[in-house]
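Let me begin by presenting the structure, written as structure tokens, before commenting on it.
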Amino acid sequence: MGKLILNNYILIVIMVGTTLIGIVSGILGSIITLRKEALIGNALAHASFPGVMLSFMIIKTKNIELLLIGAGCFSIISLVIIKIIKKYSKIKYDSALALVLSGFFGLGQVLLSIIQNTGNSNQAGLKKFIFGEVATILSSDIQIISIISITIILIVVLFRKEIKLFIFDKEFYKSLGFSCEFLDNLIILLTVIVIMMGIRFVGVILMTSILIAPGIAARQWSNSFYKNLVLSGLFGGLAGFVGTFISFKNSDLSIGPIIVVVVSLIAIISVFLKKVK
Amino acid sequence: MESAISIKNLTISYDEKKILSNINIDIPKGKLIGIIGPNGGGKSTFIKGILDIVKNSSGNIKFQGEYYKEYLKKIAYIPQRDTVDWDFPTTVLDVVIMGSYGRLGLFKRPKRKEKEMAILMLKKVGMEKYLNRQISQLSGGEKQRVFIARALMQKSEIYFMDEPFQGVDIKTEKAIIKILKTLKEKNKTVLVVHHNLETVKEYFDYLVMINRKIIAKGEIADVFNKENIKKTFYRDY
């Protein structure tokens with residue numbers, strides 16, 4: 001009896017976390033897919049991996065906040081490198097993205113091997129950042145995730161009119177005297193924060209799916225930008241909720257991959273049932 | 001002659017390459033002005049430089065004595081049609097309402113007043129039937145009409161249009177030119193980047209001929225001649 005309550009409490013805590021992360025990654029993912037920058041999300045997520053490892057090498061304990069800050073820093077470093085390549089070399093944009101994405105992920109693996117060979121007993125579990133692991137999530141984590149998620153949603157709601165025009169018609173947006181750099185940086189920053197929250201649950205490899213799939217699904221159902229954001233958030237949240245539930249019913253299935261399968265199914269079904277031209 | 005825009009020593013570089021150099025011109029107010037020149041001659045850059053969309057420009061630009069930042073609510077701009085993502089999830093009405101965003105400013109939402117005004121503007125361009133249509137389903141001419149309606153929504157003093165007749169049907173072209181002439185009659189200034197030399201005389205009353213610098217400027221009758229056309233389009237660099 002006591003075990004059941006305990007289990008349910010964990011279930012609720014995790015479920016709130018995965019649902020919230022599903023919602024915010026859906027909203028941000030919709031924005032980045034409409035900007036045709038889905039691969040940026042992919043690169044940022046993969047590039048966060050060596051950040052986690054390097055943070056660990058410096059602090060030598062698994063302080064999750066510091067590990068995630070390392071992750072965020074590396075996402076941003078990867079973006080800067082992509083932009084430098086784009087500006088100063090003849091390499092095509094997609095090639096630059098692929099190069100940085102796999103290069104950073106490879107670096108992460110190398111760092112992980114080094115850490116594993118040092119024999120630091122704290123390192124157990126670092127590997128979980130690849131595919132995600134929720135066993136270590138605490139209710140205090142969920143509080144932080146809730147606050148950040150709500151803040152992200154409020155920011156998007158506040159700037160929704162500007163974001164819409166910025167994505168649709170950048171030149172016109174500029175001619176009204178609005179700043180492109182500001183929104184560009186804001187969208188990237190929010191995406192990096194979502195990735196930082198999400199990689200613990202689904203891992204750096206699968207993070208892209210929960211960013212991109214809800215946006216793709218939403219686009220099949222509506223021709224309105226705001227409805228796309230709302231639907232995308234709902235699909236992401238639904239996938240987090242349902243995925244967590246399935247995972248708890250079948251304890252041998254880990255949460256991250258299940259969420260990704262659910263959200264991908266939502267996207268595939270939506271594409272087949274496509275409502276809008 | 002009253003001037004709408006006064007430009008002094010404008011130079012625009014892109015990646016350290018000079019696109020336009022040493023532009024000095026007074027754009028007259030209340031005229032329909034054509035901007036012509038060869039591809040890559042800097043016509044679009046000229047407009048974008050004036051509108052502060054392209055940076056790296058040096059020089060002094062004043063709009064009836066005011067700087068761009070002070071004057072920008074009285075400026076409407078229609079970018080080239082293919083710079084926009086037409087698959088973006090939005091409707092005809094929504095795009096026209098975007099014309100009110102500048103006046104609304106940050107965070108403020110368009111309300112019923114803006115919606116009603118947008119419908120009125122759509123009527124002016126003959127697109128009121130397509131109100132709720134997804135923009136990806138419009139033809140080239142229809143897209144351009146929507147853009148014109150959005151510009152009208154801005155209720156501006158100066159209108160900048162980048163190749164508005166590119167790839168539109170002849171009926172739309174005539175409809176647009178009629179609207180532009182109405183704006184001129186209301187003493188608004190309209191600048192149009194244009195490439196069809198055959199219609200220059202019919203459409204405009206003032207001409208700016210550009211190829212990396214201003215080759216000629218003035219009333220159509222004074223500057224639109226063989227010599228200037230040759231200088232603008234066939235000059236070797």
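Bear in mind that the values in this text are calculations on the coordinates, not laboratory data. Keep in mind that what you see is a predicted model, and the values were worked out from it rather than measured. Backbone-built Cβ (ideal geometry, glycine too); neighbour counts: all protein chains shown.
Annotations for the structure displayed:
- For B:ILE119 and A:ASN122, the FRET efficiency from 1/(1 + (r/R0)^6), where r spans their Cβ atoms and R0 equals 45 Å, is about 0.10.
- If the segment from B:ASP26 to B:LYS73 were pulled out straight at 0.36 nm per residue, it would be longer than the present Cα-Cα gap by 14.9 nm.
- Assuming charge only on the beta carbon of Lys and Arg (+1) and of Asp and Glu (-1), the dipole of the protein assembly as shown about its Cα centre is about 960 debye to the nearest 20.
- Using the Cβ-Cβ distance between A:GLN109 and A:ILE10 with R0 set to 30 Å, the FRET efficiency works out to roughly 0.45.
- Residue pairs, from the table A:LYS36/B:LYS62; A:LYS164/B:LYS74; A:LYS60/A:LYS86; A:LYS86/B:LYS29; B:LYS124/B:LYS226, whose Cα atoms sit over 30 Å apart: A:LYS36/B:LYS62; A:LYS60/A:LYS86; A:LYS86/B:LYS29; B:LYS124/B:LYS226
- Between A:ASN250 and A:ALA135, the simple label model (points 7 Å from Cα in the Cβ direction) yields a spacing of 2.0 nm.
- Summed side-chain charge close to B:ILE220 - residues other than B:ILE220 whose Cβ falls under 12 Å, Lys, Arg +1, Asp, Glu -1: -1
- Each of A:ILE144, B:PRO28, A:GLY29 was placed along the dipole of the protein assembly as shown (beta-carbon charges, centred on the mean Cα), and the one lying farthest toward the positive end is B:PRO28.
- Cβ-based charge dipole, chain B, positive-most Cα from B:ILE177, B:SER6, B:VAL96: B:VAL96
- Helix-derived mean residue ellipticity, 222 nm - over chain A, DSSP H n ≥ 4, -39500 (n - 2.57), to 500: -28500 deg cm²/dmol
- Filter on B:LYS43/B:LYS73; B:LYS18/B:LYS48; A:LYS161/B:LYS69; B:LYS108/B:LYS178; B:LYS73/B:LYS111 - keep pairs with C-alpha separation over 26 Å: B:LYS108/B:LYS178
- Between segment B:156-203 and segment A:252-276, the alpha-carbon center distance in angstrom: 49
- Using the Cβ-Cβ distance between B:TRP86 and B:ASN187 with R0 set to 35 Å, the FRET efficiency from 1/(1 + (r/R0)^6) comes to roughly 0.55.
- Comparing Cα centroids, segment B:64-101 and segment B:207-235 end up 29 angstrom apart.
- The fraction of all Cα pairs in segment B:1-88 landing in successive 5 Å bins from 0 to the largest distance is 3, 12, 22, 25, 20, 12, 5, 2, 0, given as whole percents.
- Within-10-Å neighbourhood charge of A:GLU133 [Cβ basis; K, R +1; D, E -1]: +3
- Among the chymotrypsin sites (Phe, Trp or Tyr not before Pro) in segment B:48-77, those located in a DSSP loop and surrounded by at most 12 other Cβ atoms within 10 Å of their own Cβ are B:TYR67.
- Using every pair of distinct Cα positions in segment A:6-87, the Kirkwood expression returns a hydrodynamic radius of 14.6 angstrom.
- Chain A: relative contact order as a whole-number percent, Cα under 8 Å and 6+ apart: 33
- Put a dot 7 Å past the Cα of B:GLU219, heading toward its Cβ, do the same for A:VAL261, and the two dots end up 8.0 nm apart.
- Across chain B, C-alpha contacts under 8 Å between residues 6 or more apart give a mean separation that, scaled by the residue count, equals a relative contact order of 28 percent.
- Model label sites at B:LYS231 and A:TYR88, defined 7 Å from Cα along the beta-carbon direction, differ in position by 4.3 nm.
- Rounded to the nearest whole angstrom, the semi-axes of the ellipsoid equivalent to the protein assembly as shown, taken from the Cα gyration tensor as √(5λ), stand at 52, 26, 18, largest first.
- Normalised per residue, the volume of the convex hull around the Cα set of segment A:16-273 (Å³): 130
- Whether chain B is rounded, prolate or oblate, judged on the alpha carbon gyration tensor where a/c under 1.5 counts as rounded: prolate
- Prolate/oblate/rounded label for segment B:72-126 (Cα gyration tensor, a/c 1.5): rounded
- Spatially proximal lysines relative to B:LYS230 (Cα-Cα < 16 Å; intrachain offsets below 8 disregarded): B:LYS213, B:LYS217
- Angle of helix B:140-153 to the longest C-alpha principal axis of chain B, folded into 0 to 90 degrees and rounded to 10: 90°.
- Cleavage-rule hits, trypsin sites (Lys or Arg not before Pro), segment B:12-120, DSSP coil, Cβ neighbours within 10 Å at most 12: B:LYS55, B:LYS108, B:LYS111
- In loop segments of segment B:93-152 as defined by DSSP, there are no GluC sites (Glu not before Pro) with at most 16 further C-beta atoms inside 10 Å of their C-beta.
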